[in-house]
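Undergrad: Take a look at this one; I'll ask things after.
The values are calculated or read from the model by the stated rules, or taken from the named source; none is laboratory data. On a predicted model such as this, the values are computed, not experimentally measured, just so you know. Don't worry about glycine lacking a Cβ; one is built from the backbone with ideal geometry, like all the others, and counts go over all protein chains shown.
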């Protein structure tokens, strides 16, 4: 029996294969992954908000094929609706299908708190609106945020993103590394300019 320990139902936001790779490579023996996807093709607000109904229908299907738990990925819909909505939506869906439901945002903040994090560097391919909702979200848990500009591969934004969903297919881990490195270097330069502009009496010990 393949899933003698558990069968995890995944609800992924897009068809992008890279997002499934981690789940297939790292489950322990006896754990089966059952993937599904909402299929977002637009970076617009309306598209993300419509995703909740699709996710609910997929969760019912995952229950029907014998999954023991449902994990929902894709932060934009939950960022747009907020923490209280995320909690209530998960509770309602869990009651409907009789399975635990894991959502994408709150578990991250719980993990960060468990690790003892106090300040988080926020590096995304989101525009200002979604990035600010992340800052507001973390603040509900007492976490500070260091916000970086959204990753832009083409120099043009699309909807709520700074890189379109289609262009994200071409983004590599090295692109993300270079973006974060540039953003951190820029921040250091800003802090240095502020420091140099201070009077001698303002120096730290």
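Undergrad: Looking only at segment 86-100, count how many residues are over 13 Å from residue 62 (Cα atoms) and under 21 Å from the mean Cα position of the chain (by Cα).
TA: The number of residues fulfilling the criteria is 6.
Undergrad: Restricting the search to segment 2-40, which residues are part of a loop (DSSP other than H, G, I, E, B) and either at positive phi or surrounded by 12 or more Cβ atoms within 10 Å (Cβ to Cβ) (or both)?
TA: 3, 5, 13, 14, 15, 16, 27, 30, 38, 39, 40
Undergrad: Within segment 103-131, which residues are more than 29 Å from residue 178 (Cβ to Cβ) and crowded, with 16+ Cβ neighbours inside 10 Å?
TA: 103, 106
Undergrad: Is it fair to say residue 154 is part of a helix (DSSP H, G or I) and closer than 26 Å to residue 177 by Cα?
TA: Considered against the rule, which asks whether it is part of a helix (DSSP H, G or I) and closer than 26 Å to residue 177 by Cα, residue 154 comes out as no.
Undergrad: Can you spot a residue in segment 70-79 that is surrounded by fewer than 17 Cβ atoms within 10 Å (Cβ to Cβ) and either touching a residue at least 12 places away in the same chain (Cβ under 8 Å) or in contact with a strand residue (DSSP E or B) (Cβ under 9 Å, 6 or more places away or on another chain) (or both)?
TA: For segment 70-79, residues surrounded by fewer than 17 Cβ atoms within 10 Å (Cβ to Cβ) and either touching a residue at least 12 places away in the same chain (Cβ under 8 Å) or in contact with a strand residue (DSSP E or B) (Cβ under 9 Å, 6 or more places away or on another chain) (or both): absent.
Undergrad: Output the residues belonging to segment 81-102 that are over 27 Å from residue 7 (Cβ atoms) and either outside the structural domain of residue 23 (by TED's automatic domain parsing) or crowded, with 16+ Cβ neighbours inside 10 Å (or both).
TA: Those that are over 27 Å from residue 7 (Cβ atoms) and either outside the structural domain of residue 23 (by TED's automatic domain parsing) or crowded, with 16+ Cβ neighbours inside 10 Å (or both): 81, 83.
Undergrad: Hey, could you check segment 158-177 for residues that are assigned to a loop (DSSP other than H, G, I, E, B) and touching a strand residue (DSSP E or B) at 6+ places or on another chain (Cβ under 8 Å) and say which is farthest from residue 129 (Cα to Cα)?
TA: 164
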